[in-house]
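Engineer: Quick one: this structure, given as structure tokens, is what I'll be asking you about.
The values are calculated or read from the model by the stated rules, or taken from the named source; none is laboratory data. Keep in mind the model is a prediction, meaning the values are calculated, not measured. Cβ sites come from the backbone with ideal geometry, for glycine too, and all protein chains shown count toward neighbours. Just the protein is used for accessible areas: all its heavy atoms, side chains included, with ligands, DNA and RNA removed. Shrake-Rupley method; radii C 1.70, N 1.55, O 1.52, S 1.80 Å.
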Amino acid sequence: MKGSLLNDALILESWRENAAPWIDIVRAGGIASRQQVTDDAIVEAVCGLSPRDVLDIGCGEGWLARALDARGIRVVGVDAVPELIEAARGASAGDFRTLAYEEITAESFGLAFDAAVCNFSLLGGSVVDDLLRAVPSLLNEGGALVVQTLHPVTACGERPYRDGWRAGSWRGFGPQFSNPPPWYFRTLARWLQLLRDCGFGHVTLREPLDPISNLPISAIFIARRSPLD
């Protein structure tokens, strides 16, 4: 547990250090996989639920919130990095709040949501487990959680296919990025079991493909609350 808490803290430290270059690269459309596949994939997954309101957890500089708002969906965006929240507020009149994952509870908002979304924002270990356990209480009856993450099979590479901490990398992002954050690798089976353990009785999986390699570039989990929650 101590090691997980340390790595979770290192993730936050790295994102605070790299907030400015992240804002620049996202707004310049400088991440090819996002432009080609994953941005549209997450917007399609969320809009397919026809939500009236969405909680964007780990909203970053707010691009997804803006995309959903343009489609008539009310969005509350939260992130633990103040610089990213400031950028989100500067680009939109939406509701953006600086909140660490540990601070996200039903009492944080005073309302429930039709959907929550985590788009490449679940990098940690125990802090992610705790967050996912809290999410069902944030959702309306029939609400859903949408998670997009690196596809475990593709992201695993030549390393053993088992849960555990891995060293981070900014490879391909440019020299302006430094101090890459560690991240916690979960197998597909672990993701599915974790979501079910956290109160989501029905989980479906989408696997968007890289247009060049035809390998899965990400995994999108659409998890619905259990009826008895």
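Engineer: State which residue pairs qualify: first residue surrounded by fewer than 15 Cβ atoms within 10 Å (Cβ to Cβ) and inside the stretch 99-116, second residue of a type in the set (Gly, Ala, Ser) and assigned to a helix (DSSP H, G or I) in any location, beta carbons under 7 Å apart, and separation of 6 or more residues or different chains.
Structural biologist: THR105/ALA134; ALA106/SER137
Engineer: Looking at ARG166, ARG171, ARG133, can you tell me which residue is among the charged types (D, E, K, R) and in contact (Cβ under 8 Å) with a residue 24 or more places away in the chain?
Structural biologist: Every option except ARG133 fails the conditions.
Engineer: Then there is this: If LEU111 satisfies all but one of (1) out of contact with any helix residue (DSSP H, G or I) (no Cβ under 7 Å at 6 or more places or on another chain); (2) modelled with pLDDT of 95 or more, what's the number of the condition it fails?
Structural biologist: (2)
Each row is one residue, and each column tells you yes or no for (1) in contact with a helix residue (DSSP H, G or I) (Cβ under 9 Å, 6 or more places away or on another chain); (2) open to solvent by 60 Å² or more (accessible area, probe 1.4 Å); (3) at pLDDT below 95; (4) not hydroxyl-bearing (Ser, Thr, Tyr).
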{"site": "ARG171", "(1), (2), (3), (4)": "no, yes, yes, yes"}
{"site": "ASN179", "(1), (2), (3), (4)": "yes, yes, no, yes"}
{"site": "ARG206", "(1), (2), (3), (4)": "yes, yes, no, yes"}
{"site": "LEU209", "(1), (2), (3), (4)": "yes, yes, no, yes"}
{"site": "ILE220", "(1), (2), (3), (4)": "yes, no, no, yes"}
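Engineer: Starting from the stretch 191-203, keep only residues that are under 17 Å from ALA115 (Cα atoms) and touching a residue at least 24 places away in the same chain (Cβ under 8 Å), then list their pairs with residues that are crowded, with 18+ Cβ neighbours inside 10 Å and among the β-branched types (Val, Ile, Thr) whose Cβ atoms are within a distance under 6 Å, requiring at least 6 positions of separation or different chains.
Structural biologist: Hits for this filter: LEU195/VAL203.
Engineer: Within 26 Å of GLU17 (Cβ to Cβ), hydroxyl-bearing (Ser, Thr, Tyr), surrounded by fewer than 22 Cβ atoms within 10 Å (Cβ to Cβ) and in contact with a helix residue (DSSP H, G or I) (Cβ under 9 Å, 6 or more places away or on another chain) - does that describe any residue in the stretch 129-146?
Structural biologist: No, the conditions are met nowhere in the stretch 129-146.
Engineer: Need the failing condition index for ARG224 against (1) part of a loop (DSSP other than H, G, I, E, B); (2) surrounded by 17 or more Cβ atoms within 10 Å (Cβ to Cβ), just the number.
Structural biologist: Going through the list (1) part of a loop (DSSP other than H, G, I, E, B); (2) surrounded by 17 or more Cβ atoms within 10 Å (Cβ to Cβ), ARG224 breaks only (1).
Engineer: I would also like to ask the following. Out of all the residues in the stretch 83-97, is one or more of a type outside the set (Phe, Trp, Tyr), in contact with a Lys or Arg (Cβ under 8 Å, 6 or more places away or on another chain), within 19 Å of ILE25 (Cβ to Cβ) and surrounded by 23 or more Cβ atoms within 10 Å (Cβ to Cβ)?
Structural biologist: The answer is no, given that none of the residues of the stretch 83-97 is of a type outside the set (Phe, Trp, Tyr), in contact with a Lys or Arg (Cβ under 8 Å, 6 or more places away or on another chain), within 19 Å of ILE25 (Cβ to Cβ) and surrounded by 23 or more Cβ atoms within 10 Å (Cβ to Cβ).
Engineer: Would you point out which residue out of ASP163, ASP197, ASP210, ASP129 is under 15 Å from the mean Cα position of the chain (by Cα) and not aromatic (Phe, Trp, Tyr)?
Structural biologist: Answer to the check: ASP129.
Engineer: Given the structure, is ASN214 within 23 Å of ALA19 (Cβ to Cβ), in a loop (DSSP other than H, G, I, E, B) and not hydrophobic (A, V, I, L, M, F, W, C)?
Structural biologist: No.
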